[in-house]
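To start, the structure under review is shown below, and the notes come after it.
The values are calculated or read from the model by the stated rules, or taken from the named source; none is laboratory data. Quick caveat, the model's predicted, so the values are computed rather than measured. Here the Cβ positions follow ideal geometry from the backbone for every residue, glycine too, while neighbour counts run over all protein chains shown. Protein only, heavy atoms only, side chains kept; ligands, DNA and RNA dropped before computing areas. Shrake-Rupley method; radii C 1.70, N 1.55, O 1.52, S 1.80 Å.
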Amino acid sequence: MRFLLNRLAGAAMVLVIVAVLVFLLTRLASGDPMALMLGDQATVEDVAKARTQYGLDKPLPTQFVLWVGELMQGNLGQSIFLQRPVAQALMERAEPTLFLAFFAVAIAAAIGVPCGMAAAIWRGSHTDQWLSGVAMLGASIPSFWMGLILIQFFAVYLGWFPASGYGDPGMGLGARLYHLILPASVLGLLNSALIIRFTRASMLDILGEDFVRTARAKGLPERVVMFKHVLRNALVPIITVLGLTMALMIGGTVVTETVFNLPGVGNLVVRAVLRRDYPVIQGTLLVIASIYVLINLLIDLLYTLVDPRIRLGGAS
């Protein structure tokens, strides 16, 4: 319980800091959302009236207190341009982003963990050098370039997958996922590079331990040694990188969603920034930060299941 309470207190502090930074950064950005919304034909009086209507004429501390008060009631605010609650706008855009993130992490894990294990098992061999080179190459390729290459080859040349979009509103889950194969492959391939490196490094650390040599000396099959003794003890760093990859996917799909024209949260944030839609920017960034903190909290809890020593150490 003490371990859990410490993590919850840390998560709450992070969210408070994020809320302050998000509010200040949006207000310090150049541009007036009221002038953008009303257009060039609006007079100074029209802009001032609109600012009063949305409370933007109040001092920044007052605006922050009012915003925090709405957050305490579960209200993320009202979008200036969309003219509907921010929570509703996020719910409308959440499905493509969440499906894309989960799909991409599954691809990254399916590629990264086995390749990292292979690189560690055959350390110093041609296999290790080739996999490490591929990992370095994957970490260096921009996501927009990879997306354009996959679109050109698989969508335009071969015609196997849609080049963009998320399908019609009435389409089923299978058709939705079909539209996400290319964007998920982009994110999965690029993020598998980090998983390969972490898996390899973590397994190499465990392979040098005495209990691994003892297991081999007892005549255990190499498969049992690798999966039961090495991989199991190397799971903590691997779980960490998988969880952080998932969190980064949710908050970092802006470029990929733009390339593939997906109606996700990333597109919503880009348009909100261009319009200076403060409530949407603040609400979206705070939700993404909350998801990030929640995933980190879940990772901490998974640590206690994978390695009981962490739980005992946190409770002592």
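General observations
- Counting the residues of region 62-95 that are over 15 Å from ILE288 (Cβ atoms) and in contact with an Asp or Glu (Cβ under 8 Å, 6 or more places away or on another chain) gives 5.
- Pair list, Cβ < 8 Å and 6+ apart or interchain, from region 196-212 residues that are in contact (Cβ under 8 Å) with a residue 40 or more places away in the chain and under 17 Å from THR240 (Cα atoms) to residues that are part of a helix (DSSP H, G or I) and among the polar types (S, T, N, Q): ILE196/SER132; ARG197/SER132; PHE198/THR240; ARG200/SER132
- Residue that is touching a Lys or Arg at 6+ places or on another chain (Cβ under 6 Å) and either modelled with pLDDT of 80 or more or assigned to a loop (DSSP other than H, G, I, E, B) (or both), where the choices are GLY116, GLY55: GLY116
- Index of the failed condition, ALA108 passing every other in (1) closer than 30 Å to ARG51 by Cα; (2) of a type in the set (A, V, I, L, M); (3) not in a loop (DSSP other than H, G, I, E, B): (1)
- For region 101-130, a tally of residues being in contact with an Asp or Glu (Cβ under 9 Å, 6 or more places away or on another chain) and surrounded by fewer than 17 Cβ atoms within 10 Å (Cβ to Cβ) returns 1.
- Test: ASN261 is under 22 Å from ARG176 (Cα atoms), of a type in the set (S, T, N, Q), touching a residue at least 60 places away in the same chain (Cβ under 8 Å) and open to solvent by 50 Å² or more (accessible area, probe 1.4 Å): yes
- Where helices (runs of 4 or more DSSP H) fall wholly inside region 163-270, the ranges with 3 or more residues that are β-branched (Val, Ile, Thr) and touching a helix residue (DSSP H, G or I) at 6+ places or on another chain (Cβ under 6 Å) are 181-207, 235-251, 254-259.
- Answer residue from region 155-213, given it is acidic (Asp, Glu) and either more than 20 Å from ALA118 (Cα to Cα) or buried (at least 23 other Cβ atoms within 10 Å of the Cβ) (or both) and is modelled with the lowest pLDDT among those: ASP168
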